[in-house]
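Report on the structure given below.
The values are calculated or read from the model by the stated rules, or taken from the named source; none is laboratory data. Small disclaimer: the values here were computed from a predicted structure and weren't measured. Positions of Cβ are generated from backbone atoms using ideal geometry, with glycine treated the same way; all protein chains shown enter the neighbour counts. Each accessible area value is taken on the protein alone, full model and side chains, heavy atoms only, with ligands, DNA and RNA left out. Shrake-Rupley method; radii C 1.70, N 1.55, O 1.52, S 1.80 Å.
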Amino acid sequence: MASAGTHPFYDMHAHGFVRVATSTPRVRTGDVPFNTEGVIAEAKRAHEQNVDLLVYPELCLSSYAIDDLHLQNALLDRAEQAVGEVVEASADIGTVLVVGAPLRRNSKIYNCALVIAHGELLGVIPKSYLPNYREFYEKRYFAHGRNCQDLWIAVAGEEVPFGTDLVFGASNLPGFTFGVEICEDFWSPNPPGTMAALAGAHILCNLSASPITIGRADDRHLHCRSSSARSICAYVYSASGHGESTTDLAWDGQGVVYELGELMAESVRFDLEPELCVVDIDTDRIAGERMRNQTFSDAAEAHGRPEDSYRRIMFDHSGETRDIGLIRPVRRFPFVPNNAKTLDEDCYEAFNIQVDALMRRIQATKPESLVIGISGGLDSTHALIVAAKACDRLGLPRSTIRGYTMPGFGTSDTTKSNAWRLMEAMEITAEEIDIKPAAKRMLEDIGHPYADGEAHYDVTFENVQAGLRTDYLFRLAGQHSGFVIGTGDLSELALGWCTYGVGDHMSHYGVNSGVPKTLIQYLIRWTIETEQFVPACAEVLAAVLDTEISPELVPAGEDGELQSTEEKIGPYELNDFFLHHTIRYGQRPAKIAFLAFHAWRDASAGHWPVNFPQERKNEYDLAQIAGWLEKFLHRFFGFSQFKRSALPNGPKVSSGGALSPRGDWRAPSDAVADVWLDDLRSSLPDLD
């Protein structure tokens, strides 16, 4: 039996991750031996940190800002010798190195990137676009490499592939494929890295010099982010730092890594000491996104299928199966940003998407009323404030909204009180219908044991109440020439946690159907903090946020304990995590468990959303995660699709996805969950 540290589950490579790093080595202007020592020292440090791919700055062996010294044969000879020294040193290093140096071929000098792995120079990529404006004079020294394809070059006594048509890949780690471009290349309208991505590179490396001026760091971020999003890849960028000549320029040593448009890691700028900026890249996620995005495939076809013409240079990945951790930000709440500014922007957009969508439905149907059931819980509260804002923006009186609280057998005094306080504060038309008499009559009619005095609280007992509430709402909508606003959210739809048909599954328009439970909590909190409503409303909204999530269909126990949704189907914070990685990226269950393990195992580690309550910072071990994930997989894949196949209309809100069969998610209602359950069970270590 494998130990915890050696079981494949704990090895990030088994889940499609590749550890990359940018390097800002110790260098000195034009001092090739000194620079070579700095490059090798950083390679050794990267090896100790289990880095798979290390990207250095442009011309780091010779220095970039040495002007006409590039034309000196003594320097060029020494730079080529330095390449051989780095290659020799790499024999005992597991990291693939991408190093910059000037090289000669056919009486021309090229600004080159050299890919080195395990004592071998794999290939050389020349720079395609040479800047020759303002402070740049590269055409004075170098030849461009735009048309260099299917060529070879002699370097330090070896003949190796040379050209812009190279993609590198690990023979024993399928996702580990990368291409290379150099500095100015990604400032061009048609970056050569894009073609490498279309040829199959999941990671693009950019060796850059890029002297620093005010605002240039933001410009680099813009280009890296854009490149990684447009080319559906990871982008690893390394700029020159301290030690380059400051005769006329300065250098900040910026290293950044983006993945699919998201900043994954960034180095400290203006650091005097050598620095590695290390992060783990999810090549599975990149490959999956390309499979979904047919525009990417179409672009590859439109550009002559570069995968057929590019040379694939293979190497062996030297990593061993063991737990080396995960160096990567994994958001506990993938639907909720950690950053305060981003959270505010997302809440603004989410709330107004819902409001605008409901406004359009009101304009199209011209109802005399909007009917909504108010329980005093999260979902109905949020649906009500969306409806109230829609009425405000359309110039309709809030009394257009007809709110009904319908207490049943399990309704608590707290939620009933919250419901009334909320309806009164919102100044809507408010009424109460006690459904218990009608529910008792139905239970008697169908011969349910509860009608004979038994405490028999089964699904039928619960669904009688849920169905009656929906039945009342639809009849009331007809009576008052209106339509029913649904309150169910994305998380409930994923789990099938709703009563099908004549139940909370159905409405005329589901404003919350694209919003997960974890985001709804923040949307309500955002409306309080941004003063969307009067203080009396804000006070009730705060009380709702503090209330236990419960369907309140079963009477409280003798100890007064209320029915808890999360005790039955799992914590929503975990279910939303599972849902995001399932529908947005199609991740394997074993990988979802791996990600959840790293996100949730230690409450004191990583980042939490801003102002997250300390007492709610939970943590879960792998056994708990696996247990709840198994329940999620069963409910999502093997049980609840028939409910999603018959969803009412409702807006998509999050880029994480929606579950409408007319939108993001199409699936058969009679599928089984075995494949996903087997993947999880077969991949986990022994948790006993």
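Key figures
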| quantity | calculated |
| --- | --- |
| Failed condition for Asp219, given (1) within 26 Å of Leu272 (Cβ to Cβ); (2) charged (D, E, K, R); (3) open to solvent by less than 10 Å² (accessible area, probe 1.4 Å) | (3) |
| Where a residue in the range 91-102 is farther than 14 Å from Lys44 by Cα and open to solvent by less than 10 Å² (accessible area, probe 1.4 Å) and its partner, wherever it lies, is of a type in the set (Lys, Arg) and assigned to a helix (DSSP H, G or I), with Cβ under 6 Å and at least six apart | none |
| Conditions (1) modelled with pLDDT of 95 or more; (2) on the phi > 0 side of the Ramachandran plot: number failed by Ala156 | (1) |
| Of all residues in the range 599-631 being of a type in the set (A, V, I, L, M) and outside any helix (DSSP H, G or I), the one that is least open to solvent (accessible area, probe 1.4 Å) | Ala603 |
| Test for Ala430: is it open to solvent by 10 Å² or more (accessible area, probe 1.4 Å) and not in a helix (DSSP H, G or I) | yes |
| Hits in the range 379-411 - residues which are over 18 Å from His480 (Cα atoms) and open to solvent by 20 Å² or more (accessible area, probe 1.4 Å) | Lys389, Asp392, Arg393, Leu394, Gly395, Phe409, Thr411 |
| Residue in the range 76-90 that is most open to solvent (accessible area, probe 1.4 Å), counting only those that are farther than 30 Å from Asn172 by Cβ and free of Cβ contacts under 8 Å to residues at least 60 places away in the same chain | Asp77 |
| Which listed residue is in contact with a Phe, Trp or Tyr (Cβ under 9 Å, 6 or more places away or on another chain) and not charged (D, E, K, R), from Gly94, Gly84, Gly119, Gly163 | Gly163 |
| In the range 230-280, the residues that are among the acidic types (Asp, Glu) and either at pLDDT below 95 or surrounded by fewer than 24 Cβ atoms within 10 Å (Cβ to Cβ) (or both) | Glu244, Asp248, Asp252, Glu262, Glu266, Asp271, Glu273, Glu275 |
| Any hit, the range 186-194, residues being at pLDDT 95 or above, out of contact with any strand residue (DSSP E or B) (no Cβ under 6 Å at 6 or more places or on another chain), in a helix (DSSP H, G or I) and not polar (S, T, N, Q) | no |
| Filter pass, Gly94 being modelled with pLDDT of 95 or more and more than 23 Å from Ala74 (Cα to Cα) | yes |
| Residue in the range 154-162 that is surrounded by fewer than 22 Cβ atoms within 10 Å (Cβ to Cβ) and under 37 Å from the mean Cα position of the chain (by Cα) present | yes |
| Close pairs (7 angstrom Cβ cut-off, 6 or more residues apart or separate chains): of a type in the set (Phe, Trp, Tyr) in the range 528-544, at pLDDT below 90 and not in a loop (DSSP other than H, G, I, E, B) anywhere | none |
| Unique match (being under 20 Å from Leu358 (Cα atoms), in contact (Cβ under 8 Å) with a residue 24 or more places away in the chain, in contact with a Lys or Arg (Cβ under 7 Å, 6 or more places away or on another chain) and not in a helix (DSSP H, G or I)) among Gly488, Gly514 | Gly514 |
| Given (1) free of Cβ contacts under 8 Å to residues at least 24 places away in the same chain; (2) not in a helix (DSSP H, G or I), index of the condition Asp392 fails | (2) |
| Top-ranked residue in the range 24-75 [being crowded, with 19+ Cβ neighbours inside 10 Å and among the aromatic types (Phe, Trp, Tyr); ranked as farthest from Ala250 (Cα to Cα)] | Tyr56 |
| Filtered residues of the range 351-367 (kept if outside any helix (DSSP H, G or I) and either touching a Lys or Arg at 6+ places or on another chain (Cβ under 8 Å) or open to solvent by 70 Å² or more (accessible area, probe 1.4 Å) (or both)) | Lys366 |
| Odd one out for Ser227, checked against (1) farther than 25 Å from Val86 by Cβ; (2) surrounded by fewer than 19 Cβ atoms within 10 Å (Cβ to Cβ); (3) of a type in the set (S, T, N, Q); (4) in contact with a strand residue (DSSP E or B) (Cβ under 6 Å, 6 or more places away or on another chain) | (2) |
| Checking Pro668 against (1) open to solvent by 50 Å² or more (accessible area, probe 1.4 Å); (2) not in a loop (DSSP other than H, G, I, E, B), the condition it does not meet | (2) |
| Subset of the range 138-148 (residues that are under 11 Å from Pro126 (Cα atoms) and touching a residue at least 40 places away in the same chain (Cβ under 8 Å)) | Phe142, Arg146 |
| Extreme residue, farthest from Ser481 (Cα to Cα), among residues of the range 319-371 that are touching a helix residue (DSSP H, G or I) at 6+ places or on another chain (Cβ under 7 Å) and β-branched (Val, Ile, Thr) | Thr321 |
| Subset of the range 123-177 (residues that are of a type outside the set (A, V, I, L, M, F, W, C) and in a strand (DSSP E or B)) | Gly123, Pro126, Glu158, Glu159, Pro161, Gly169, Thr177 |
| Flag for Thr487 being within 36 Å of the chain's Cα centre (by Cα), within 24 Å of Gly377 (Cβ to Cβ) and among the polar types (S, T, N, Q) | yes |
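Yes or no, residue by residue, for (1) at pLDDT 90 or above; (2) of a type in the set (Gly, Ala, Ser); (3) in contact with a helix residue (DSSP H, G or I) (Cβ under 9 Å, 6 or more places away or on another chain); (4) assigned to a helix (DSSP H, G or I):
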site: Ile549; (1), (2), (3), (4): no, no, yes, no
site: Phe578; (1), (2), (3), (4): yes, no, yes, yes
site: His581; (1), (2), (3), (4): yes, no, yes, yes
site: Gly586; (1), (2), (3), (4): yes, yes, yes, no
site: Ile592; (1), (2), (3), (4): yes, no, yes, yes
site: Phe597; (1), (2), (3), (4): yes, no, yes, yes
